[in-house]
Each structure stands twice: as C-alpha cells, then as structure tokens.
Amino acid sequence: MEYRHLGRSGLVISEIAYGNWLTHGSQVEADAATACVRAALDAGITTFDTADVYAATRAETVLGAALRGERREGLEILTKVYWPTGPGRNDRGLSRKHIMESIDGSLRRLQTDYVDLYQAHRYDVATPLEETMEAFADVVRSGKALYIGVSEWPAEQIRRAHAMARDLHFPLVSNQPQYNALWRVIEGEVVPTCEELGLGQVVFSPLAQGVLTGKYEPGRQPPQGSRATDDKGGAGMIARWMRDEVLEAVQHLEPLAA
C-alpha cells in the first residue's frame, strides 16, 4: 500500500480507501463486513469512508464495531452529513442544528471521540453557507473533527467555501466526487479549482460500481451474487451502467487495463 497527503494538508491517507456506501448494514451481513474490514487492514488500508445516511445509519455502526480494538491513531475515519437521518424537518441538510446533532450521532455509532475528516455530503441550498461553515468551524474547534471536506460540490461553491474556511481558520482539505473512466465531469472545472486551492479528491465509484472490472458482458446475464443481481438496492444503483453500449465500451478497455 502507498500513502499520500490529502490535498495540501498534513493528513496522510492510504492511496486506496475502504468505503461502505452500499454494503455495510444492508447488502453485506455484519460478520462478512467485519471480515472485509480485516482484509482491508491486512492489505495496509488505513482510510475508511462512510456516512450517517448509509443504510439509515447502520453502516456507521457496523464500521465502528469492525474497527473496535484497532489503534485509533493509525486510522483515518471519514464520515459525512447532509442527507436525512430521521423523520424530522431538521434531520437533514447543513443547518447548525443538524450538523451539531449529526456529528455526535456519528461519533457514537463509530465508537470514536473524533473523525479525521467530516464532509458535507451535498451543498445545502436552503441554508446560508456562512451558517454551515461556522458550524463546521465549531466542530473542528471542539475536537470532534480534525479536517473538513465536501462531496459533489460544484467548483463555484467549493471556491466560496474555501474562502470562508480560510477566514474562519479551519482546514477545508478535500472534495469527494464520483469519478471514473465512464464519468469524468469533474475534469472541466472541479479538478482545476481544487488543484488551485489545494484540495484533494477522495473519489467514490472509481470502478463504476464494478462495471469497469469487465465482469458484466453485453447480452449476458450478470454473474450471480454481483451487485447487478442484488435486490436490496444494488441493482437499481448500477442500472444506468448496465446498457449494452456501455458494457461494450468497457470491453474495449480490457487491453488497456491488461
């Protein structure tokens, strides 16, 4: 395993991160999830990414249990806030109320006193950005998060947030976008903006949820046990990539991959 700094920050993370968006707490049973986490640790992965909304908060709980007993200083634990985590009007978004309540819930489920990176899971058009960034500043000052990041934010919003974070003296260090050979929309504006500002990319779906492995072939049924056959949400998530023209294009990438 190789390791690198996250953006221009001093935080060092593993080059490969372990994410549990569509797995822990839903598609994968707890014992299998724990086995996967152990295998990741054995491979040298130290960076684990989750979110409070994954599997209706269960993903954080499973990850926290799987990492129990590990040396906390040797891990980088990342989570996120924005999407609904309850039925209430304030159980969503990037208001001060939701951020402050959500970080405490995430820490409790993850069984840790702090997260290394706390990320705004989307941009909240209903909350003033000043309110959001001031709340993140207080989360950092309280020691509950060491760094702040965003996820799937456009370049203009990233630039505004970075300026506010600088004024509030807390580290905004990363963006988490979807990015792979089939989905390259961040290359136009987001990547150049982040390079200019010193933000790293913690990308999700780098293999287009398994499609870029080449295991799905045009005109053939998906392999049993694959995400495309999962009836707990996986099949729906991967459906947009399962068109024959996409799968045929992936097959043409095989020589390059080899």
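Dipole check for region 45-105: with +1 at the C-beta of Lys and Arg, -1 at the C-beta of Asp and Glu, and the Cα centre as origin, the magnitude is about 200 Debye.
Rounded to 0.05, the FRET efficiency of the residue 156 and residue 134 pair, given R0 = 25 Å and the Cβ-Cβ distance, is 0.80. Multiplying the residue separation of residue 246 and residue 97 by 0.36 nm and subtracting their alpha-carbon distance yields 49.4 nm. Note the angle between two axes, namely the Cα long axis of helix 96-110 and the longest principal axis of the Cα atoms of the chain, as a number of degrees from 0 to 90, rounded to the nearest 10. Between the helix axis and the principal axis of the chain, the angle is about 60 degrees. Helix 155-168 and the long axis of the chain differ in direction by around 30°, with both axes built from C-alpha atoms. Label region 1-129 by shape, choosing from rounded, prolate and oblate, from the square roots a ≥ b ≥ c of the eigenvalues of the Cα gyration tensor; if a/c is under 1.5 it is rounded, and otherwise prolate applies when a/b is larger than b/c, oblate when it is not. Here region 1-129 falls in the oblate category. Amide H contacts for residue 16 (H built 1.01 Å from N in the peptide plane; partners 5 or more residues away or on another chain; cut-off under 5 Å): 2. Quick check: from the Cα gyration tensor, does the chain come out rounded (a/c under 1.5), prolate or oblate? The shape class here is prolate. Alpha carbon centre of region 1-69 versus region 172-194: separation in Å? Centre-to-centre distance over Cα atoms comes out at 21 Å. To the nearest ten degrees, helix 129-141 and the longest principal axis of the Cα atoms of the chain are 80 degrees apart. For a paramagnetic label modelled on residue 163 (point 7 Å from Cα along Cα→Cβ), amide N atoms under 20 Å away belong, within region 195-209, to 195-200. Remark: the residue 189-residue 72 segment gains 38.5 nm on full extension, using 0.36 nm per residue and subtracting the alpha carbon distance. For region 151-258, the square roots a ≥ b ≥ c of the C-alpha gyration tensor eigenvalues yield an a/c of 1.5 or more together with a/b exceeding b/c, which makes the shape prolate.
Listed by chain and number, the lysines whose C-alpha is less than 24 Å from the C-alpha of residue 232, apart from same-chain residues fewer than 8 away, are 80, 215.
Throughout, read-outs are computed from the coordinates displayed, never taken from laboratory work. Quick caveat, the model's predicted, so the values are computed rather than measured. Counting neighbours? That spans all protein chains shown, and the Cβs are built from the backbone with ideal geometry, glycine included.
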